[in-house]
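One structure below.
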Amino acid sequence: AQKVTQAQTEISVVEKEDVTLDCVYETRDTTYYLFWYKQPPSGELVFLIRRNSFDEQNEISGRYSWNFQKSTSSFNFTITASQVVDSAVYFCALSEALTGANNLFFGTGTRLTVIP
Amino acid sequence: EAQVTQNPRYLITVTGKKLTVTCSQNMNHEYMSWYRQDPGLGLRQIYYSMNVEVTDKGDVPEGYKVSRKEKRNFPLILESPSPNQTSLYFCASTKNSGQQITVSSYEQYFGPGTRLTVT
């Protein structure tokens, strides 16, 4: 069965520090998709990235970067030079081609607090 | 503006009083879905729909009903709400149905959420 584990429940960092949010997944499918969503204090869900299982290239978008490693079933998210606006709950999610590419299985989330 | 709307945004109700949370998208998306978010559990899928008149259970469907009579609307119905359905509910939609095994998953657009309290 599919599973997404975000072992870090809460993280606090001081502004400008780098922070990495961990995500470990389990799946039996060979075709799957991984996502990160941000939920700021206002409550909406903001899409950050989608990765498919055949693309292990790391991605960088501004201060955000993602490290996808199939060998360790991990899809970690790093924020460089964190800012107060990065304070939010971050969710990692997985979907599988076999059980429905759009049916997302979410981790329990990591609450990031950036202290000014 | 492309968006997913939900109504109401906040609702306090009593046990057993039927209620409907509406969800509408203006992007002509085929796929729509409902999730509930609870502390420490993340988001869990309740029901989803790959197209009009096609719905299926997610991970936590008990106590909920859905219908998809039109492409743009996907209401969530609680026939007899109970306190354990107190939660934050999100509707989502995405372009493709996700039905074919090889089809790629697309970004899902989420509604703003509905905070439901059942007393």
Please report the antiparallel percentage of DSSP beta bridges with both residues in chain A, rounded to the nearest 5. 90 percent
Compute the label zone of A:Arg111 within segment B:28-49: residues whose backbone N is under 11 Å from the point 7 Å along Cα-to-Cβ. B:39-40
Listing of segment A:18-64 residues, each with accessible area lower by at least 10 Å² in the full protein assembly than in the chain alone (probe 1.4 Å): A:Tyr33, A:Phe35, A:Tyr37, A:Gln39, A:Gly43, A:Glu44, A:Leu45, A:Phe47, A:Arg50
Give me the accessible area per residue for chain A, probe 1.4 Å, as a whole number in Å². 46 Å²
Hits among lysines - C-alpha to C-alpha of B:Lys69 under 27 Å, sequence gap 8 or more where chains match: B:Lys17, B:Lys18, B:Lys57, B:Lys95
Would you work out what percent of the accessible area of the protein assembly as shown, with all protein chains in place, is carbon or sulfur (probe 1.4 Å)? 49 percent
Spin-label model distance (nm) - B:Ser80 vs B:Leu11, 7 Å beyond Cα toward Cβ: 1.8 nm
The simple spin-label model distance between B:Asp38 and B:Glu53, using points 7 Å out along Cα→Cβ, in nm, is 3.5 nm
If you take the accessible area of B alone, add that of A alone, and subtract the area of the pair, what total do you get in Å², probe 1.4 Å, to the nearest 100? 1900 Å²
If exposed means trypsin sites (Lys or Arg not before Pro) lying in a DSSP loop and surrounded by at most 12 other beta carbons within 10 Å, then the longest stretch of chain A lacking such sites spans residues A:29-116
Using the beta-carbon distance between A:Glu56 and B:Asn73 and R0 = 41 Å, what value does 1/(1 + (r/R0)^6) give for FRET efficiency, to the nearest 0.05? 0.60
For segment B:1-46, which trypsin sites (Lys or Arg not before Pro) are both in a DSSP coil and crowded by at most 16 other Cβ atoms within 10 Å? B:Arg9, B:Lys17, B:Lys18
Taking only the Cα atoms of the protein assembly as shown, how large is their convex hull per residue, in Å³? 123 Å³
Under the rule rounded for a/c under 1.5, else prolate if a/b exceeds b/c, else oblate, using alpha carbon gyration tensor axes a ≥ b ≥ c, chain B is classed as prolate
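The values are calculated or read from the model by the stated rules, or taken from the named source; none is laboratory data. Source: prediction; values computed, not measured. Neighbour counts are summed over all protein chains in view; Cβ atoms, including those assigned to glycine, are modelled from backbone coordinates with ideal geometry. Protein only, heavy atoms only, side chains kept; ligands, DNA and RNA dropped before computing areas. Shrake-Rupley method; radii C 1.70, N 1.55, O 1.52, S 1.80 Å.
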